[in-house]
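Since the structure comes first, as structure tokens, the remarks are kept for the end.
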Amino acid sequence: MRRNYCALKTLKSSLLDSEPVKYIERQVFEPGRPGEFEVTAHRAEVKICTCGCRNQAEFPEGVTAAAQYGSATQAMAVYLNQYHFLPFKRVSEYFNTLYKMSVSAGTVANFVARTYENLASTEEVIRDALRESSVAGADETGMRAEGSLHWLHVMRDEQWTLYYLSEKRGREAMDTMGILLTFAGVLVHDHWKSYFAYAATHVLCNAHHLRELLGVVDRDSNQLALRLMKLLRLSWHYCKGFKTIGMLQMPSVVCERIEKIYDRLLQRALMKEVVYMEKQREELKRKKVKNTKAYNLFKRLTEFKAETLRFMSDFTIPFDNNGSERDVRMAKLKQKISGCFRSADGGSMFARIRSYLSSARKQGMDIYQSLHRAVRNYCNMPLLSAE
């Protein structure tokens, strides 16, 4: 690289005709063809001005060491570790086997840490976008970190995903995550009580309801539970049909009919469970017996009828929370392939980088190119736009 003037003079003096007194070289190592790696040597001239000032040319941004790995190597390492969940040692083995590059496991860990730092502002963009989302899903799952149980929380919609790792599962972690306190849209979740502390419009996941109803059918051969399952599935089928013809909500006549059948089935199901529990109480000669799982389910479906059937009144609201479960599944897959997090810092790095990758993928971006931008984001600029 050349700098053909003396920068220290008030009037810049040309160094074009001056001979270099020294060259400084920095080498960048990148993967090449299979079995080979490539080295790019950057040479900077050092020239002496007539005023005696020593001037050195600038190196390309990011080239800071005498010998270093390039951005393609870093992006590939982070891609294999964070997107395909290969452990650090296996990523190191990959470079050694395929390109004869001795990239240590510690170096791969440094690449991940640097990418994490470069995505701080991007994480804030994701958080801000989800606060303004009209319909978002939330879920949480257990993750092992530092030898103990932690919880990975997720907030997502069709364009954005945010992961957050915490030692807590409830409201304390949700507050720290920084979205739900000001979220005013529709929140889809699986009835975890902590979510009801927030002033959102709540929608319950009917995939969970169907699984619980199926459990009642298998355990008790309860035909009323089977009819409730069929009613929920038929309602969703009707919603999809009406949506295809351009409607925004189910016709009121159809909606009222479904709600009447829903109420009648639950009333009969609750009465049947009450009779069964009373019979059990008399046989055991107790003042009270424990509520059956079926009774608790039917009671919940009765009390939260509006949250269960809200998908019929607005077709932008999903029938279930499967989108959140799909986003959570990637974290479980990571734990299955490469194990737990040795530290909470490693979990936080995974959460931020995975938030960026998931959001970029939802927006149709190339994952590798997105990571290449991230490792070169030396100024920590937002890499995703809410617009």
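Evaluating residue 121 against the criteria (1) open to solvent by 20 Å² or more (accessible area, probe 1.4 Å); (2) within 19 Å of residue 371 (Cβ to Cβ); (3) in contact with a Ser or Thr (Cβ under 8 Å, 6 or more places away or on another chain) leaves one unmet condition, (3). Among the residues making up the range 11-70, those that are out of contact with any helix residue (DSSP H, G or I) (no Cβ under 8 Å at 6 or more places or on another chain), open to solvent by 80 Å² or more (accessible area, probe 1.4 Å), assigned to a strand (DSSP E or B) and modelled with pLDDT of 85 or more are 22, 23, 25, 38, 43. Close Cβ contacts (under 8 Å, 6 or more residues apart or on different chains) running from residues in the range 371-387 that are of a type outside the set (Val, Ile, Thr) to residues that are open to solvent by 100 Å² or more (accessible area, probe 1.4 Å) comprise 376/61; 378/61; 380/117; 383/373; 386/132. Just the residues that are over 17 Å from residue 130 (Cα atoms), in contact with a helix residue (DSSP H, G or I) (Cβ under 7 Å, 6 or more places away or on another chain) and without any contact (Cβ under 8 Å) to a residue 60 or more places away in the chain, please, taken from the range 172-199. Hits for the range 172-199 are 194, 197. Among the criteria (1) over 23 Å from residue 320 (Cβ atoms); (2) in a helix (DSSP H, G or I), the one residue 130 does not fulfil is (1). Looking across 361, 326, one residue alone is within 30 Å of residue 132 (Cβ to Cβ), in contact with a helix residue (DSSP H, G or I) (Cβ under 7 Å, 6 or more places away or on another chain), surrounded by fewer than 21 Cβ atoms within 10 Å (Cβ to Cβ) and without any contact (Cβ under 8 Å) to a residue 24 or more places away in the chain. It is 361.
Only one of the listed residues (240, 260) is in a helix (DSSP H, G or I) and closer than 22 Å to residue 303 by Cβ. That residue is 260. When residues in the range 98-118 are screened for being within 29 Å of residue 381 (Cβ to Cβ), surrounded by fewer than 18 Cβ atoms within 10 Å (Cβ to Cβ) and either modelled with pLDDT under 95 or not polar (S, T, N, Q) (or both), 5 of them pass.
Applying the selection to the range 241-251, what residues are without any contact (Cβ under 8 Å) to a residue 60 or more places away in the chain and open to solvent by 100 Å² or more (accessible area, probe 1.4 Å)?
Selection gives 244, 245.
Scanning the range 369-384 for residues that are part of a helix (DSSP H, G or I), over 17 Å from the mean Cα position of the chain (by Cα) and not hydrophobic (A, V, I, L, M, F, W, C) gives 369, 372, 373.
Matching residues to (1) under 30 Å from residue 126 (Cα atoms); (2) among the aliphatic types (A, V, I, L, M); (3) over 15 Å from the mean Cα position of the chain (by Cα):
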residue: 277; (1), (2), (3): no, yes, yes
residue: 284; (1), (2), (3): no, yes, yes
residue: 298; (1), (2), (3): no, no, yes
residue: 341; (1), (2), (3): yes, no, yes
residue: 347; (1), (2), (3): yes, no, no
residue: 367; (1), (2), (3): yes, yes, no
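The single residue among 254, 274, 289 that is open to solvent by less than 60 Å² (accessible area, probe 1.4 Å) and either farther than 19 Å from residue 231 by Cβ or at pLDDT below 95 (or both) turns out to be 289. Of everything in the range 91-136 that's in contact (Cβ under 8 Å) with a residue 60 or more places away in the chain and among the basic types (Lys, Arg), which residue is nearest to residue 317 (Cα to Cα)? Filtering the range 91-136 for residues that are in contact (Cβ under 8 Å) with a residue 60 or more places away in the chain and among the basic types (Lys, Arg), the one nearest to residue 317 (Cα to Cα) comes out as 114.
Looking only at residues in the range 339-350 that are crowded, with 18+ Cβ neighbours inside 10 Å and in contact with a helix residue (DSSP H, G or I) (Cβ under 8 Å, 6 or more places away or on another chain), the one that is farthest from residue 142 (Cα to Cα) is 349.
For residue 308, indicate whether it is among the β-branched types (Val, Ile, Thr), open to solvent by 30 Å² or more (accessible area, probe 1.4 Å) and at negative phi. Full working, then the answer.
Values: among the β-branched types (Val, Ile, Thr): yes; open to solvent by 30 Å² or more (accessible area, probe 1.4 Å): no; at negative phi: yes.
Spelling it out, it is not the case that residue 308 is among the β-branched types (Val, Ile, Thr), open to solvent by 30 Å² or more (accessible area, probe 1.4 Å) and at negative phi.
The values are calculated or read from the model by the stated rules, or taken from the named source; none is laboratory data. Being a predicted model, the structure only gives us computed values, none of them experimental. Positions of Cβ are generated from backbone atoms using ideal geometry, with glycine treated the same way; all protein chains shown enter the neighbour counts. Quick note on the areas: whole protein, heavy atoms, side chains included, nothing else; ligands and nucleic acids left out. Shrake-Rupley method; radii C 1.70, N 1.55, O 1.52, S 1.80 Å.
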